[in-house]
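Below: one structure, written as structure tokens.
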Amino acid sequence: MEFAFVSGNPALDLAGTVRSRRDEPTDLLAAPADLARWVAACDELPDRVSVDATTFESALSLREAIYQLALDRVLDRPFDPGSLDIVNAAAAGPVPTIKLSDAGLQVSGDLVAVLSHLARSGIAVLAASHACLKECGRTGCTRIYLDRSRGARRTWCGMDECGNRVKAAAYRARRRASTTAEGAS
Ligand SMILES: [Zn+2]
């Protein structure tokens, strides 16, 4: 399964690697190698990191803490203190180094630096009072995203991920209804 980077923030994208959190949670980061692939796929992170069992555990605990704080923000309630501790501790670490060349931007650093970057990025969005955080409107999708659209009118985490699926389902339902109506007349 491919990773989606549609939340508008890499920390929220990390939280989105557990899908359908309320109904049937699916964890896209089941093993350290999955996390290494996710980091490589994320634009602002190094292309290559090594992940061992310990750093993998810290990454998953940071992910769950970010999700908890984002949910607190969506539900407009105080932040969970334990999750704040985890995110703040991760943010205090060293950050990846960046380098500009004709080839573009080069990001390097180990997984601890990656987690620090993700924690800082998460903090920036969670602290911004004007940032509009929303949960996706598709039933079953629990992804939280940053709505940067004009008037904050976005409904889905992503069109490919959810918007088109909802529209296709509505279309099928309309067709079924009209077929039934024709059959009845
Ligand atoms: Zn969605």
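Each value in this text was obtained by applying a stated rule to the coordinates, not by laboratory testing. All values derive from a computational prediction rather than experimental measurement. Heads up, the Cβs are rebuilt from the backbone with ideal geometry, glycines too, and the neighbour counts pull from every protein chain shown.
Pair-distance distribution of segment 10-184: all C-alpha pairs, bin width 10 Å, starting at 0; shares per bin in whole percent are 9, 32, 32, 17, 6, 3, 1. Here the calculated FRET efficiency for PHE79 and GLU2, from their Cβ-Cβ distance with R0 = 35 Å, stands at 0.65, rounded to the nearest 0.05. Summary value for the chain: 24 percent relative contact order, contacts being C-alpha pairs under 8 angstrom separated by 6+ residues. For the chain, the cysteines with no partner cysteine C-beta closer than 4.7 Å are CYS42, CYS132, CYS162. Loop-located trypsin sites (Lys or Arg not before Pro) across segment 1-66 with a Cβ neighbour count of 11 or fewer within 10 Å are ARG22, ARG48, with loop assigned by DSSP. In whole Å, what is the distance between the alpha-carbon centres of segment 54-93 and segment 131-185? Computed from Cα coordinates, the inter-centre distance equals 29 Å. Packing, taken as the mean count of other beta carbons within 10 Å per residue, orders the peptides 140-148, 86-94 from highest to lowest as 140-148, 86-94.
If a/c stays under 1.5 just call it rounded; otherwise compare a/b with b/c (prolate if a/b is bigger, oblate if not). Do that for segment 89-148, with a ≥ b ≥ c from the square roots of the Cα gyration tensor eigenvalues. Because a/c hits 1.5 or more and a/b exceeds b/c, segment 89-148 counts as prolate.
Ranked by the mean number of other Cβ atoms within 10 Å per residue, highest first, peptides 6-16, 73-83 order as 6-16, 73-83. Just to confirm a number: summing +1 for Lys and Arg and -1 for Asp and Glu over residues other than PHE79 whose beta-carbon lies under 9 angstrom from that of PHE79, what do you get? Taking every Cβ under 9 Å from that of PHE79, the sum is 0. About its Cα centre, the dipole of segment 10-184 is roughly 1100 debye, where the only charges are +1 on Lys and Arg Cβ and -1 on Asp and Glu Cβ. Length available on full extension from ARG172 to ARG120: 0.36 nm per residue minus the Cα-Cα distance, which gives 14.4 nm.
Among THR17, THR26, THR155, which one moves the most in a GNM of the chain with springs linking Cα atoms closer than 10 Å? Among THR17, THR26, THR155, the largest GNM mean-square fluctuation belongs to THR26.
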